Structure formats: structure tokens, C-alpha cells
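Read through the structure below, which is laid out as C-alpha cells, and then see the notes.
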Amino acid sequence: MSKPYTITTPIYYVNDSPHIGHAYTSLACDVLARFKRMDGYDVHFLTGTDEHGQKVAKSAEAAGVDPLTFCDRVSQNFRDLGTAMQFTNDDFIRTTEPRHVKACQALWAELIKRGEIYLDKYAGWYAVRDEAFYAADELKDGPNGKKIAPSGAECEWVEEPSYFFKLSAWQDKLLAFYEKNPDFILPASRRNEVISFVKGGLRDLSVSRTTFTWGICVPGDEKHIMYVWLDALTNYITALGYPDTNAPLYKKHWPADVHMVGKDILRFHTVYWPAFLMAAGLEPPKRVFAHGWWTNEGQKISKSTGNVINPLELTATYGLDQVRYFLLREVPFGQDGDYAKAAMIQRINSDLSNNFGNLAQRTLSIIAKNCNAAVPNAGAFTDVDKALLQRAYNLLPLCRGHLDVQAFNKALDEIWAVSGEANRYIDEQVPWTLKKTDPARMETVLYVLAETIRCLALITLPFMPSSMHKMLNQLAVPEDKRNYTELNAQHALKAGTALPAPQGIFPRFVEAPAA
Ligand code: MSP
């Protein structure tokens, strides 16, 4: 039986259309899911939409439709984004689905049974935009006398009966859990941030509201609606069959290997979520990775500034694989990054077109012209040949290591270093000159290059699936040989295999002249 690998995106609020931030989180998960599948894992990759709560209810009201009609519409936009960006999620969950209502109510009942939830009154600050409660000392005074949360969201005073989760009782257990699982929160800087927050003391958490109705009812006390974060976080186990903890998916895929999240929702995933789970007698996830935020040409992205980046417009302009590559190459994963048009064009032209694209184009067109359009015959390898091939085969263990800690940019750096090395090799070995002086050596050199390109295409496939499939088609690598058991010398290209006519994969980006 293959080993399980379980990865999730946050479920996206349906108050908004999908933007670059959503595409980024899901893209990182997609690359990881594809890589792990190629590496022989049984992957479960989950995404979906977060449809309850005041924020969504207000957006529906503003749009003049009932909340469910509104959710149906916006949730579909997220599915469409996934299709357009070639995300390979195994499930798409919506929190308005009956399976999810059932899971949330069962989790609630379990927490009640274990004495982890009690009824009281909440009086304090709440930010609808963040769907989060804040203590008075966390807030600043904004214009018009409004209180402002650290995230910049406006807060309102809330006073209502509420159920509370005994979060304060979990402080020491959470700290012990972080201590025992040093990789639970990555990157490390985020881990320190969470630990100091928890050390600062945890208050019991209000987990129900009574002033609106768009949400999941508390079982047995229907005027209470569950706190939207308790509802939303539960999606990760709903999708695996909870409350049936003997369901095959649950048994195989829980605890999740990685919950991928943005840095803004770290606290919910690393404090509340493991506490809810432990309190219900369930295992916490193995890792939460918090990535950074994108700015647009140096500016914070916001609807009011009007600089929101629509991922579909981006891919229509630059190409899907180009955008997938840019987003994961430009910024060390975990840090904030800036989207700049000039940087995008630079990546496309220098990394994709001049480096990797040119390597493939040169090699394949010489082979087409001089080797009867078939994989060349290799003679004995020189040390230089062996060194290049070894670097290509070594990419698999190197990238495995990087992807296991979500260091996508480091994996791409390694891959491009080998592509650069192969370009140097072709310049030094000059196969076009060898054609006249030593045709047998020319074939060996071209073989080494073709085999290196096969390895580069296989390792890059999770990042740029369409382009790399095209590249592997040009090397006549069968579909069922596009996985990581093949990325070694035993499965190298076979001399004499007929190759199709070469085609450019990465055109240069030339900006259309202004009209
Ligand atoms: N619904 C909650 C998550 C519940 S998970 C149980 C939520 N949704 S969201 O739609 O607001 O955000 C989803 C993700 O998009 C978050 O991980 C967030 O960090 C990410 N991004 C939103 N704007 C972003 C950028 N400008 N840049 C990068 N990612 C950002 O939070």
C-alpha cells in the first residue's frame, strides 16, 4: 500500500472573487500534491469554500440575494479558478454541505460531552472582516472613534449569550505539543511568534453567536450559531469522513501532513485548531506552514486601492505555467513578496526562454537534423558527461528534501542550476562542430543532453505541468513513465527511439506596442 500524504488549502471566504493570494496558496498545495503523487504517495489534496458567518451574510445582502444563492455563485468562481490553474485537488468542500453540518455538530457534541464547552455571556470586541475576537489592549483608536484590530479591521462591541471553549485549559498542553513537534509550525520565525502568543496567556474562546442566523446551529440550542472558525476548521476532517473515525479516508489521511495557510490565519490553525482537536480526543495535524503575502508593485493589495490582481488575467497575459513558475520562484516561500510586471517578464525571458527553453530547443533541433530524429547513440561517457548526468539524477533527492519543508524556491534554484550547467556543457562540447570532426562523440554529447532534459522535465513537471508534458512528448517519454521511479540511470532514454519534430516551449515575452 502506498504511503498517504494529506494536504489542504484554507477554505476561501466567498465574500470576494478569487485573487492572487488565493491562487498562491492553492498553487503551492498543487505543486506539493503533484510532486508527492509522482513520488509514489497516495495523496489527498483538499480545498473548498468557507461560506458561513457575518461577513458572507453581509456580502450576500449587499448583492441583494439570499446567502445560499450568493455562495453557490462565488464558490463556483473558486472551482473555476482551480480548473483554469490546473489544480489537482481530490475534493472540494463547501461548508454549506450536509456532510459538513453533520461533522460540525458531532464535534460540538463531543466537546460538550467532554466538558470542554460551557454557556456564559460574551462582552467584547469583534471584527467581522477577520471573523475574530480581540482583547481591548490589542486595539488602536481609528478615525470616527472606531476601534481598529492589528490587521486593520474595524471592530464592533458585542454583548450576547455565548458558549465558550475552555481554551485557557490548553495553554500548557499546546506549549508541550509545540515543544515535542518542532516542525509543527513552519517557517521557524512563525513558530516563535505563536509560542510567545500562547505563553502570554490564553483566554476561553467564544464559540457561538446569537445575533445572526447564517451558520450552523448549535445542537440542542438552535438560537446559537457556531463561531465561523470552529465551523471552518472542521472542514479538514469533514472531508475525510468525520464523525466516522473508522472511515477509510479518515483512517488513512488524518492527521494531515500539511495545512497550508497565509500568515494572517496562523493563530486559528496553530492555537485554536489543535486545541479543539485534542479536546475532542483527536490528533492534531502534523504541520501548519504559513506563507507570506503578496504586494502589487510595492503596494498593499486591497479592493479599495483597486490594485487587486486577478490570477486569470495574469495567466491570460503571461501563460499559466509562466505564472505558476513566477509565483513559486520569485519569493522564498514563507516570506512576503512583491508582484512586479518587470520581474515577471524578466523571469519568463531569462529563466524560461533563455535558459531552460533554449537548452531544449538547441538540443532537440540538432538531434532532429543530425540523428535521424531519434534518441542518439551514446558511446562511453567522459567524466564531464557523468558529472552532468549525476547532477541531473541528484535533483530528485535534493528536491524531495526541499519540498518536504515547502522550500519551493530552493527546489527551483537547484533545477535551474542544472539547466545552466547543461547550457555551459553544450557550449563547451560544441556538438555542431563535432558533427564534422567526431560524429560518434556528437551523438554521445546529444544523448547526455537529452537525458538531462528528461530529468529536468520530470522534476519540473509539478510546477509547470503542461509545458513539461510537452517537453517529455518531444523526448517520446511514455505517459506512464512520468514519475519519480524513472528519474535515474536505470530508466534512461533508449537510443533509437523515434522523436517528434521539436517545438519551442517557452517563447520570449514581447510586450505589444502601446496603441
Ligand atoms: N476562510 C478563511 C480560512 C478558513 S480555513 C479553515 C480565510 N479565507 S480567505 O479567503 O480570506 O483567505 C484565504 C487565504 O488567502 C489565506 O491563506 C490568506 O493568507 C491568503 N491571502 C489573502 N490575501 C493574500 C495576499 N495578498 N497574498 C498572499 N496570500 C493572501 O482566511
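The values are calculated or read from the model by the stated rules, or taken from the named source; none is laboratory data. What you see is a predicted model; the values in this text were computed from it and never measured. Neighbour counts are summed over all protein chains in view; Cβ atoms, including those assigned to glycine, are modelled from backbone coordinates with ideal geometry. Heavy atoms of the whole protein, side chains included, go into the accessibility calculation; ligands, DNA and RNA do not. Shrake-Rupley method; radii C 1.70, N 1.55, O 1.52, S 1.80 Å.
Carbon and sulfur together cover what percent of the accessible area of the stretch 33-176 at a 1.4 Å probe radius? Looking at the stretch 33-176 in its full context, I get 50 percent from C and S.
Between PHE197 and ALA123, the FRET efficiency from the beta-carbon distance, with R0 = 22 Å, is close to 0.45. Relative to the dominant Cα principal axis of the chain, helix 358-370 is inclined by about 30°. For the residue pairs LYS102/LYS263; LYS199/LYS286; LYS223/LYS263; LYS55/LYS199; LYS199/LYS263, alpha carbon separations beyond 24 Å are given by LYS102/LYS263; LYS223/LYS263; LYS55/LYS199. Amide H contacts for GLN335 (H built 1.01 Å from N in the peptide plane; partners 5 or more residues away or on another chain; cut-off under 5 Å): GLY292. The angle separating the long axis of helix 171-180 from the principal Cα axis of greatest extent in the chain is about 20 degrees. Take each peptide in 14-25, 86-97, 476-487, count the other Cβ atoms within 10 Å of every residue, and average; sorted highest first, the result is 14-25, 86-97, 476-487. For GLY262, the residues whose amide H sits under 5 Å from its own are HIS291, ignoring neighbours fewer than 5 places away on the same chain, with H placed 1.01 Å from N. Near ASP50, the amide H atoms lying under 5 Å from its own belong to TYR12, TYR13, VAL14; only residues 5 or more places off or on other chains count, and H is placed 1.01 Å from N. Evaluating 6.51 cos²θ - 1.76 cosθ + 1.60 at θ = phi - 60° for every residue in the stretch 248-259, the Karplus couplings come out as x, 5, 4, 5, 7, 10, 10, x, 5, 6, 9, 9 Hz, glycine and proline recorded as x.
With semi-axes defined as the square roots of five times the eigenvalues of the C-alpha gyration tensor, the equivalent ellipsoid of the chain measures 50, 24, 20 Å, largest first. Just want the answer: with Cβ charges of +1 for Lys and Arg and -1 for Asp and Glu, which residue in LEU46, GLY241, VAL430 is farthest toward the dipole's positive end in the chain? Checked the options; the winner is VAL430.
Here the accessible area is traced with a 1.4 Å probe on the protein chains. For the stretch 338-448, carbon and sulfur cover 52 percent of it. Computed from point charges on the beta carbon alone (+1 for Lys and Arg, -1 for Asp and Glu), the dipole magnitude for the chain about its Cα centre is near 980 Debye.
Between 0 and 90 degrees, the angle of helix 54-63 with respect to the longest Cα principal axis of the chain falls at about 80 degrees. Across the stretch 302-312, coupling constants 3J(HN,Hα) worked out from phi with the 6.51/-1.76/1.60 Karplus curve, θ = phi - 60°, read 7, 4, 5, 6, x, 10, 5, 9, 8, x, 6 Hz, and Gly and Pro carry x. Solvent exposure of THR69, expressed as accessible area, is near 60 Å², computed with a probe of 1.4 Å over the protein chains only.
Our estimate of slack between ARG424 and ALA495, defined as 0.36 nm per intervening residue step minus the Cα-Cα distance, is 23.2 nm.
Stokes-Einstein diffusion for the stretch 341-487 at 10 °C, viscosity 1.306 mPa s, with a Kirkwood radius from C-alpha pairs, works out to 101 µm²/s.
Among ASN89, PHE408, THR305, which residue has its Cα positioned farthest towards the positive end of the charge dipole of the chain, with +1 placed on the Cβ of Lys and Arg, -1 on the Cβ of Asp and Glu, and the dipole taken about the Cα centre? Sorting the options by dipole projection puts first PHE408. Scalar couplings 3J(HN,Hα) for the stretch 488-499, obtained by applying the Karplus form with A = 6.51, B = -1.76, C = 1.60 to θ = phi - 60°, are 6, 5, 4, 10, 5, 4, 9, 4, x, 5, 5, 10 Hz; x denotes Gly and Pro. As a rough guide to protection, the peptides 135-144, 173-182, 103-112, 215-224 ranked by mean Cβ packing within 10 Å, highest first, stand as 103-112, 215-224, 173-182, 135-144.
Once you sort the root eigenvalues of the Cα gyration tensor of the stretch 116-208 as a ≥ b ≥ c, which label holds: rounded (a/c under 1.5), prolate (a/b larger than b/c) or oblate (the other case)? Judged from the Cα gyration tensor, the stretch 116-208 comes out oblate (a/c at least 1.5, b/c at or above a/b).
In whole Å, what is the distance between the alpha-carbon centres of the stretch 409-467 and the stretch 193-235? A separation of 54 Å, based on Cα centres. Note on ARG73 and ALA380: their simple-model spin labels are 7.4 nm apart, each label 7 Å out from Cα toward Cβ.
Probing with 1.4 Å while keeping every protein chain in the model, the per residue accessible area of the chain equals 42 Å². Over the chain, Cα pairs under 8 Å with separation of 6+ residues give a relative contact order of 15 percent. Classify the stretch 60-193: rounded, prolate or oblate, from the alpha-carbon gyration tensor (a ≥ b ≥ c, eigenvalue square roots; a/c under 1.5 rounded; otherwise prolate if a/b is larger than b/c)? Since a/c stays below 1.5, the shape of the stretch 60-193 is classed as rounded. Quick check on the stretch 1-137: take the gyration tensor over C-alpha atoms, sort the square-rooted eigenvalues as a ≥ b ≥ c, and tell me if it's rounded (a/c under 1.5), prolate or oblate. Taking the square roots of the gyration eigenvalues as a ≥ b ≥ c, the stretch 1-137 is oblate.
The calculated FRET efficiency for the pair VAL405 and LYS113, based on their C-beta separation and a Förster distance of 35 Å, comes to about 0.40.
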